[in-house]
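To keep things clear, I will list the structure first and then write my remarks on it.
Each value in this text was obtained by applying a stated rule to the coordinates, not by laboratory testing. Model, not experiment: these values are computed from the prediction. Please note: Cβ atoms are built from the backbone with ideal geometry, for glycine as well, and neighbour counts cover all protein chains shown.
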Ligand SMILES: Cc1ncc(COP(=O)(O)O)c(C=O)c1O
């Protein structure tokens with residue numbers, strides 16, 4: 001098999017060259033093993049199929065290496081700059097502008113960078129917009145929507161508008177399978193179910209403001225912002241490091257938020273303070289900004305959509321052409337292009353698959369404990385070559401074990 005690792009060479013650059021005593025970072029700038037880390041293998045990167053935190057674009061990681069040391073020739077690294085100084089002003093302004101450019105986001109929407117992961121949004125949304133007198137619709141399509149429903153119930157009434165648990169979360173509903181509540185204050189859905197590997201082909205029709213948890217497929221394909229009142233995404237799959245959350249929210253929804261909340265839980269407060277109500281997750285925002293620039297350099301969302309479809313097809317073909325050796329978890333019309341889930345139907349064989357794949361430098365293929373089997377997470381930054389290598393490995397493994 002043509003298995004190989006893809007090289008990652010730490011390049012020496014003037015911005016990375018310490019002017020004082022070199023720091024033991026482990027990543028020797030010259031690319032050689034340092035005396036402090038004799039076993040360090042500086043060039044080695046393997047195929048990382050992790051569901052999140054997940055692979056980031058190598059160009060972005062290289063730029064970050066430089067900017068951690070010294071950003072914009074300021075003599076100070078990105079993590080050491082004041083969040084109210086001109087360098088960070090530039091970082092956050094560029095990040096917002098690039099985000100708007102990527103998804104064609106109009107001035108009717110705020111772009112916010114918040115913290116606490118997507119899970120904090122599960123609570124903040126109902127805290128701001130739901131009450132004991134009102135109802136929100138939540139199609140339940142997997143673990144993450146179940147968690148969002150649990151949080152929403154703390155603040156008001158929830159209509160489980162589709163119960164995916166009855167079908168093992170193997171598909172997402174069509175519009176006529178969703179039962180909407182007349183007068184609902186919003187409908188919340190999850191565009192890509194990371195654990196089961198199902199994805200909506202388009203946003204569901206909704207009579208109320210539509211809110212999307214896009215944590216695991218944001219900016220993997222064109223997105224119609226105008227059909228949504230709010231889109232949010234934890235960064236650690238397609239955007240950057242964990243912790244920071246991108247929130248795109250229509251201004252009229254922000255204005256409807258409850259007043260009198262603790263300041264960190266009010267969208268209006270975050271919007272008024274330009275995502276800097278307190279010290280923001282500055283490095284996370286910087287990284288998102290770099291990923292946005294990378295997306296624009298790739299040619300934008302239509303290019304990524306095509307590439308992601310090609311990547312996913314390689315693996316789905318290996319499932320479909322295995323004569324039943326591999327079974328896909330998701331119903332074929334709802335298959336995710338971000339998380340490909342499959343199993344052999346034999347737990348021992350699944351374990352063997354995962355351990356043999358690891359020997360071929362493929363990591364992170366174990367399925368989530370709720371779904372079992374295998375999961376290949378192949379977000380924007382995951383290389384096509386890795387999908388090819390996995391598909392080839394799957395064919396060889398089926399031949400040897402079928
Ligand atoms: C779709 C989806 N929503 C929400 C979350 C929770 O994100 P966080 O851990 O950032 O709170 C995840 C995490 O993987 C996810 O995949």
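Structural remarks
- Largest mean-square fluctuation among 321, 133, 58, in a Gaussian network model of the chain whose springs join Cα atoms under 10 Å apart, belongs to 133.
- Anisotropy class of the chain from Cα gyration tensor, a/c 1.5 cut: oblate
- Residues 71, 218, 76 arranged by fewest to most Cβ contacts within 10 Å: 76, 71, 218
- For the range 47-144: relative contact order, % (alpha-carbon pairs under 8 angstrom, 6 or more apart): 8
- Global geometry of the range 301-401, whether rounded, prolate or oblate, following the gyration tensor of its Cα atoms and the 1.5 cut on a/c: prolate
- Bridge type composition, the range 80-298 - antiparallel percent by DSSP, nearest 5: 50
- Nitroxide proxy distance, nm - points 7 Å out along Cα→Cβ at residue 355 and residue 265: 4.7
- Rounded to the nearest 5, the antiparallel percentage of DSSP beta bridges internal to the chain is 60%.
- Packing-based exposure ordering (other Cβ within 10 Å, fewest first) of 127, 264: 264, 127
- Among beta bridges that DSSP assigns inside the range 160-250, antiparallel share in %, nearest 5: 50
- Global geometry of the range 106-263, whether rounded, prolate or oblate, following the gyration tensor of its Cα atoms and the 1.5 cut on a/c: rounded
- Peptides 137-143, 391-397 ranked from most to least packed give 137-143, 391-397, packing being the mean of other C-beta atoms within 10 angstrom over each peptide's residues.
- Relative contact order of the range 80-298, pairs being alpha-carbon contacts under 8 Å that are 6 or more residues apart, as %: 27
- The distance linking the range 211-228 with the range 175-206 is 12 Å (Cα centroid to Cα centroid, whole angstrom).
- Springs between Cα atoms under 10 Å define the GNM used for the chain, and in it the highest mean-square fluctuation of 121, 66, 236 occurs at 66.
- Between 123, 358, 229, the residue with the greatest mean-square fluctuation in the GNM of the chain (Cα pairs under 10 Å linked by springs) is 358.
- For the range 104-119 and the range 131-166, distance of Cα centres in Å: 22
- Relative contact order for the chain: 20 percent, from Cα pairs under 8 Å spaced at least 6 residues apart, divided by residue count.
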